[in-house]
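Participant: The structure is given below, and queries will be raised subsequently.
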């Protein structure tokens, strides 16, 4: 009989950090949602960055606290000091009864390791030390003190032998001696110098200026829906609607709101009805400076209020996404030591500038640098893949097949890490569409829409897939839906370009020219729009204008030729191929090199 070998228990020596919130039950009883929101903001904006910076990991969250482990006791203590100092400065002006303060215990010991937990006396001692720490303080064991003495620039007071609950032997403990934040530090905290979480925003209740109480449900519905939709944005931190509604009707300064909620941005809005028209005014404000970053007005005839609510929310969500990314990219440019998230924002900002080799190369470099700092970052992984995909789609390379294959592999990996990442599903759908698998591409785009109903690009590529399937008559309706949902979208120039291509393939060259010119006016940094415009002008007999447009293209894509254009065909549908032959001839007539 074969005897089974015992399962090996994994053990290792770790520095253990245990933390909880002092008076958590009272804080939750007094204001449950505000406490939860503030605590989440502090964990994301202060605790997690400090732990990651010092090589640790959060093993698990415990509702009112967390458990973390480090390979070094010195780094564990440094992380604790860093986030405790940061939190003390951020909460300095909070009323005592509402102030969130962590108690921290640090110990070193041999622990049993599981994927999402650690066990052992070393963990228990850290938890008991946490319980005797002062609010905002750190209590460490003598074993930890021996490791950090003389290696960290902070002072510890000897508390002597402590009898800790459920710990058999007394433990000698040391308490971190901290000075209260100086008046200068308090001033910095009040002015917003200590940065809250990135992409952190509160949607204040929309103000009903109509005096018509019948509009209240509509106004509240827009506020709630927009809060929900913005929370789907990757990396966002959106204050819950119940907390946001506590500011209704109160004359509170936006800087104060920013400090109280520890956020970067505030969206304030008003709704006014006049006859059968509804006007919505919105403005995005930097909560640290009170500077206005963006403002918009929607003025529409009233039809179905629910349909209008969905349309307004979708337009706002799409526009805000782009505006917030732009604002964060500007902040990131000034970072002395940019982290992975800073680099991702800069990558997206460069990607949004247009489909030139220069813009896309810069974007790709930022995403690669982010991956070097954080190899498992899905946003960076998908960002780099989307840049490579765009290089292939825009005919900026001759190795499209190999590039698309690499992109598909990267996106498959990303979705294995984050199955519900809408952007990755959309990008994978585009890969399928451009590799003669349009039906599969439609399915991925529909999945992206199921995860994020505001993803206007998904509508466009569903239409584009149908175009490749020979169903071009259906394409424009999908592009128009995207333009309806996000008429001022930062990527709308691509959609206008798509309508132009559709019209050109059908022989409606005069209409195609209008759309290509609209696209180029929206963003001139797209070489294919210039080449396609040249082809349509040539078919209209406007050869001088066609040649002028054809000369613009190579300044943005010097390697483009008719041969490169012919070399890779995303569909074998006869209807699609017939239209493509017409485009080849138009390019030749305009003087585009054969290659």
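Participant: When the residues of the range 527-579 are narrowed to those that are touching a helix residue (DSSP H, G or I) at 6+ places or on another chain (Cβ under 8 Å) and outside any helix (DSSP H, G or I), which ends up farthest from residue 506 (Cα to Cα)?
Facilitator: Ranking the candidates gives 557 first.
Participant: Is the range 137-147 home to any residue that is within 31 Å of the chain's Cα centre (by Cα) and modelled with pLDDT under 90?
Facilitator: No; the residues of the range 137-147 include none that is within 31 Å of the chain's Cα centre (by Cα) and modelled with pLDDT under 90.
Participant: Looking at the range 78-100, which of the residues that are assigned to a loop (DSSP other than H, G, I, E, B) and touching a helix residue (DSSP H, G or I) at 6+ places or on another chain (Cβ under 7 Å) is surrounded by the fewest Cβ atoms within 10 Å (Cβ to Cβ)?
Facilitator: First, pick out the residues of the range 78-100 that are assigned to a loop (DSSP other than H, G, I, E, B): 91-95, 99-100.
Narrowing further to those that are touching a helix residue (DSSP H, G or I) at 6+ places or on another chain (Cβ under 7 Å): 92-93, 100.
Details: 92: 20, 93: 15, 100: 21.
Among those that are assigned to a loop (DSSP other than H, G, I, E, B) and touching a helix residue (DSSP H, G or I) at 6+ places or on another chain (Cβ under 7 Å), it is 93.
Participant: For the range 454-474: of the residues being over 23 Å from residue 354 (Cβ atoms) and touching a helix residue (DSSP H, G or I) at 6+ places or on another chain (Cβ under 7 Å), which is surrounded by the fewest Cβ atoms within 10 Å (Cβ to Cβ)?
Facilitator: Result: 474.
Participant: Further, regarding this structure: I'm trying to understand the selection: among the residues of the range 29-55, which are touching a helix residue (DSSP H, G or I) at 6+ places or on another chain (Cβ under 6 Å) and touching a residue at least 24 places away in the same chain (Cβ under 8 Å)?
Facilitator: 33, 34, 35, 37, 42, 46, 47, 50, 51, 54
Participant: Quickly run through the range 510-538 and pick out the residues that are over 24 Å from residue 351 (Cα atoms) and surrounded by fewer than 22 Cβ atoms within 10 Å (Cβ to Cβ).
Facilitator: Residues satisfying the conditions are 510, 511, 514.
Participant: Against the definition (part of a helix (DSSP H, G or I) and under 24 Å from residue 484 (Cβ atoms)), how does residue 346 come out, yes or no?
Facilitator: Working: part of a helix (DSSP H, G or I): yes; under 24 Å from residue 484 (Cβ atoms): no.
Here the answer is no, as residue 346 does not meet what is asked.
Participant: How many of the residues in the range 584-595 are outside any loop (DSSP other than H, G, I, E, B) and either modelled with pLDDT under 90 or assigned by TED's automatic domain parsing to the domain that holds residue 433 (or both)?
Facilitator: 0
Participant: Which of the following residues is under 20 Å from the mean Cα position of the chain (by Cα), buried (at least 16 other Cβ atoms within 10 Å of the Cβ), in contact (Cβ under 8 Å) with a residue 24 or more places away in the chain and within 22 Å of residue 237 (Cα to Cα): 313, 282?
Facilitator: Only one candidate passes the filter, namely 313.
Participant: Residue check, residue 380 against (1) within 21 Å of residue 492 (Cα to Cα); (2) in a helix (DSSP H, G or I); (3) touching a residue at least 24 places away in the same chain (Cβ under 8 Å), all met but one. Which one?
Facilitator: Result: residue 380 fails condition (1) only.
Participant: Within the range 352-359, does at least one residue satisfy the condition of being free of Cβ contacts under 8 Å to residues at least 40 places away in the same chain, on the phi < 0 side of the Ramachandran plot and crowded, with 19+ Cβ neighbours inside 10 Å? Even if it seems obvious, please write down each step before you answer.
Facilitator: Of all residues in the range 352-359, those free of Cβ contacts under 8 Å to residues at least 40 places away in the same chain come to 358.
Adding the requirement that they be on the phi < 0 side of the Ramachandran plot leaves 358.
The next check asks that each one be crowded, with 19+ Cβ neighbours inside 10 Å; those that pass are none.
No, the conditions are met nowhere in the range 352-359.
Participant: Just the residues that are touching a residue at least 40 places away in the same chain (Cβ under 8 Å) and surrounded by 14 or more Cβ atoms within 10 Å (Cβ to Cβ), please, taken from the range 398-416. Talk me through it step by step, then tell me what you get.
Facilitator: Pass one, the range 398-416, residues touching a residue at least 40 places away in the same chain (Cβ under 8 Å): 398, 400-401.
398, 400, listed by residue number.
Participant: On to the next question. Go over the candidates 327, 370 one by one and state the one that is touching a strand residue (DSSP E or B) at 6+ places or on another chain (Cβ under 6 Å), surrounded by 18 or more Cβ atoms within 10 Å (Cβ to Cβ) and either in a helix (DSSP H, G or I) or in the same structural domain as residue 223 (by TED's automatic domain parsing) (or both).
Facilitator: Among 327, 370, only 327 is touching a strand residue (DSSP E or B) at 6+ places or on another chain (Cβ under 6 Å), surrounded by 18 or more Cβ atoms within 10 Å (Cβ to Cβ) and either in a helix (DSSP H, G or I) or in the same structural domain as residue 223 (by TED's automatic domain parsing) (or both).
Participant: With respect to residue 19, determine if the residue is assigned to a strand (DSSP E or B) and either crowded, with 22+ Cβ neighbours inside 10 Å or outside the structural domain of residue 174 (by TED's automatic domain parsing) (or both).
Facilitator: yes
Participant: What number goes with the only condition from (1) farther than 23 Å from residue 323 by Cα; (2) touching a strand residue (DSSP E or B) at 6+ places or on another chain (Cβ under 8 Å) that residue 241 does not pass?
Facilitator: Only one criterion is unmet by residue 241, namely (1).
Participant: For the condition under 12 Å from the mean Cα position of the chain (by Cα) and under 23 Å from residue 519 (Cβ atoms), what is the one hit in 359, 352, 321? Talk me through it step by step, then tell me what you get.
Facilitator: On the way: 359 fails: under 12 Å from the mean Cα position of the chain (by Cα); 352 fails: under 12 Å from the mean Cα position of the chain (by Cα).
That would be 321, the only listed residue that is under 12 Å from the mean Cα position of the chain (by Cα) and under 23 Å from residue 519 (Cβ atoms).
Participant: Go through 497, 432 for me and flag whichever is over 20 Å from the mean Cα position of the chain (by Cα), in the same structural domain as residue 517 (by TED's automatic domain parsing), closer than 26 Å to residue 402 by Cα and part of a helix (DSSP H, G or I).
Facilitator: On the way: 432 fails: in the same structural domain as residue 517 (by TED's automatic domain parsing).
Among 497, 432, only 497 is over 20 Å from the mean Cα position of the chain (by Cα), in the same structural domain as residue 517 (by TED's automatic domain parsing), closer than 26 Å to residue 402 by Cα and part of a helix (DSSP H, G or I).
Participant: What number of residues in the range 446-494 are in a helix (DSSP H, G or I), within 21 Å of the chain's Cα centre (by Cα), touching a residue at least 60 places away in the same chain (Cβ under 8 Å) and more than 17 Å from residue 427 (Cβ to Cβ)?
Facilitator: Selection size over the range 446-494: 1.
Participant: Quick one: count up the residues across the range 246-267 that are crowded, with 16+ Cβ neighbours inside 10 Å, out of contact with any strand residue (DSSP E or B) (no Cβ under 6 Å at 6 or more places or on another chain) and farther than 17 Å from residue 98 by Cβ.
Facilitator: Qualifying residue count for the region: 1.
Participant: Further question on the same structure: For the range 132-162, enumerate the residues that are touching a residue at least 40 places away in the same chain (Cβ under 8 Å) and under 29 Å from residue 27 (Cβ atoms).
Facilitator: Hits for the range 132-162 are 132, 133, 134, 135, 136, 137, 138, 140, 144, 154.
The values are calculated or read from the model by the stated rules, or taken from the named source; none is laboratory data. Note that this is a predicted model, so its numbers are computed, not measured. Reconstructed Cβ throughout: ideal geometry from the backbone, glycine too, with neighbour counts over all protein chains shown.
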